[in-house]
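Notes to accompany the following structure.
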Amino acid sequence: MADKQKLCISAGMSFDIPAVDQLETIKATGFDGFFIDKYKKTDYTFTEPFAEKAAKLGLYFQSIHAPFYGMDDIWHDDSGELSDIMINDLIASIDDCAHFDIPLVIMHAIIGMDNVTPTELGLQRLEKVIDYSVKKGVTIAFENTEGEMYLEAILNRYGKLDNIGFCIDTGHEMCYNHSRDLIGKYGDLLVSTHLNDNWGITGDEITFLDDCHLLPFDGVGDWENIAGRMRRCGYDGDLTFEVISKGRKGLDTNKKYDGMSLETYLAVAYGKALQFKELFNTII
């Protein structure tokens, strides 16, 4: 199992260095691959420099994280105008994956803590995206975020398709999902990971500030439990880490990394990645 597992990390990580210029250091540190957040770019010009540099370095371009700014519009925009904008950006991410031979696109199911009611209209709109990904030969992994009932609706409707899977975000599970076992719930669909730690639910209400994307073992996560649940569902894919070096809105949640250079941070991150890989491959 271990020989097949690539260690991958998010490019960016809240450093001021442009993400594309981080790839040499990611490679030199020992990581096998990386992924990018596409945000709201609707042509190849954003992704192309990453793909070109990755090819030169022999670095695995693991996935694209599609934009998610308007995922709520897909479900709840009755006019369809805002929904169409979001769908076009999701399709653009699929196009990038197909064009640059990137196997996987990660998508959120929803955005917004107050959204709790999936709609049939939203599922029908997403079918256009899913059908397009089939046509292009790209797998979509839907990620657990807030509003896990939207993820449930999508995977209940489309989870039996070969090109639809689940990406576990361990930090989201700890805060947004109240530590409910989503790995166990959707383990048969698990095709990717966003491994990260945090401090759990820190206030009376959950906010995105709790989602601080620490390196594994640096927060309150029970990593033996996480590794065990992943093993029990039979996961044998890449181990991908979605982490940031700075706290959101300047909070001190990530103060452990204050003053670290990109090189130092990545060296620490790689050590944590190896630690989790060893745990994952030895836990019973």
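The values are calculated or read from the model by the stated rules, or taken from the named source; none is laboratory data. A quick note: this is a predicted structure, and the numbers were derived from the prediction, not measured. All Cβ positions, even for glycine, are placed from backbone atoms using ideal geometry, and neighbour counts span all protein chains on display. Accessible surface is based on the protein model in full, side chains and every heavy atom, while ligands, DNA and RNA are left aside. Shrake-Rupley method; radii C 1.70, N 1.55, O 1.52, S 1.80 Å.
Please give the charge dipole size of the chain, origin at the Cα centre, charges +1 on K and R Cβ atoms and -1 on D and E Cβ atoms. Round to the nearest 20 debye. Kindly include the intermediate steps, with their values, before the conclusion.
Numbers: 26 positive and 47 negative charges, 170 e Å.
About 820 debye.
Do any GluC sites (Glu not before Pro) in the range 175-284 lie in a DSSP loop with no more than 10 other beta carbon atoms within 10 Å, and if so, which?
On the way: sites: E205, E224, E242, E263, E278; in loops: E205, E242.
Loop-located and lightly packed - E205.
Would you kindly find the accessible area of S83, with a 1.4 Å probe and non-protein molecules such as ligands, DNA and RNA excluded, rounding to the nearest 10 Å²?
It works out to around 0 Å².
If the cut-off is 16 Å between C-alpha atoms, which lysines fall inside it for K136, apart from same-chain ones fewer than 8 positions away?
K136 reaches K128.
Report the extension gain between T42 and K136 in nm, rounded to one decimal, defined as 0.36 nm multiplied by the number of residues separating them, less their alpha carbon distance.
Numbers: separation 94, 0.36 × 94 = 33.84 nm, distance 1.64 nm.
Between T42 and K136, full extension yields 32.2 nm more.
By DSSP, what percent of the beta bridges with both residues in the chain are antiparallel, rounded to the nearest 5?
Rounded to the nearest five, the antiparallel share is 5 percent.
What translational diffusion coefficient, in µm²/s and rounded to a whole number, does the Stokes-Einstein relation yield for the chain at 4 °C and a viscosity of 1.567 mPa s, taking the hydrodynamic radius as the Kirkwood radius over Cα pairs?
Details: Rh = 19.0 Å.
Estimated via Stokes-Einstein, D reaches 68 µm²/s.
Among M260, M107, M113, what's the order by accessible area (1.4 angstrom probe), most exposed first?
On the way: M260 50, M107 0, M113 80 Å².
The most accessible residue leads, giving M113, M260, M107.
Helix-only mean residue ellipticity at 222 nm, the chain, DSSP H runs n ≥ 4 weighted -39,500 (n - 2.57), per residue, nearest 500. What is it?
Details: 10 runs with 112 residues, N = 284.
That comes out to -12000 deg cm²/dmol.
On a C-alpha basis, how far is the centre of the range 214-256 from the centre of the range 34-71 in Å? Whole number, if you could?
22
If you take the Cα Rg of the range 1-83 and divide it by 2.2 N^0.38 Å, with N the number of residues, what do you get?
Working it through for the range 1-83, the quotient is 1.34.
For the pair K160 and T264, what calculated FRET efficiency results from E = 1/(1 + (r/R0)^6), where r is the Cβ-Cβ distance and R0 = 35 Å, to the nearest 0.05? The partial results should precede the final answer.
Working: r = 45 Å, r/R0 = 1.28.
With a Förster radius of 35 Å, E is 0.20.
Work out the charge dipole of the range 139-284 with +1 on the Cβ of Lys and Arg and -1 on the Cβ of Asp and Glu about the Cα centre, then indicate which of L215, M230, Y150 is farthest towards its positive end.
M230
Using a cut-off of 12 Å between beta-carbons, work out the net charge of the residues near I17 (Lys and Arg +1, Asp and Glu -1, I17 not included). Present the calculation step by step, with values, prior to reporting the outcome.
On the way: positive: none; negative: D16, D21, E24, E263.
Value of the local net charge: -4.
So with the 1.4 Å probe, I'd like the accessible area per residue for the chain, rounded to whole Å². Don't jump to the answer; show the numbers that get you there.
Working: 12340 Å² over 284 residues.
It amounts to 43 Å² per residue over the chain.
Within the chain, what whole-number % of the accessible surface is contributed by carbon and sulfur, with the 1.4 Å probe and all protein chains included in the calculation? It would help to have the intermediate numbers written out before the result.
On the way: 6130 of 12340 Å².
Answer for the chain: carbon and sulfur cover 50 percent of the accessible area.
Run the numbers on the range 163-253 and let me know its relative contact order in percent, using alpha-carbon pairs under 8 Å that are six or more apart. If you can, show how the numbers build up before the last one.
Values: 148 pairs, mean separation 28.8, N = 91.
That works out to 32 percent.
How much length is gained on full extension from T207 to K255, taking 0.36 nm per residue of separation minus their Cα-Cα distance?
Values: separation 48, 0.36 × 48 = 17.28 nm, distance 1.90 nm.
Length gained, T207 through K255: 15.4 nm.
Starting from the exponent 0.38 and prefactor 2.2 Å, build the expected Rg for the range 1-146 from its residue count and divide its actual Cα Rg by it. Before the final figure, lay out each step's value.
On the way: Rg = 16.2 Å, N = 146, 2.2 N^0.38 = 14.6 Å.
Here the Cα radius of gyration is 1.11 times the empirical estimate.
Report the normalised scattering of the range 170-284 as log10 I(q)/I(0) at q = 0.14, 0.16 Å⁻¹, calculated by the Debye formula with identical scatterers on the alpha carbons.
For the requested q values the scattering log ratios are -0.57, -0.74.
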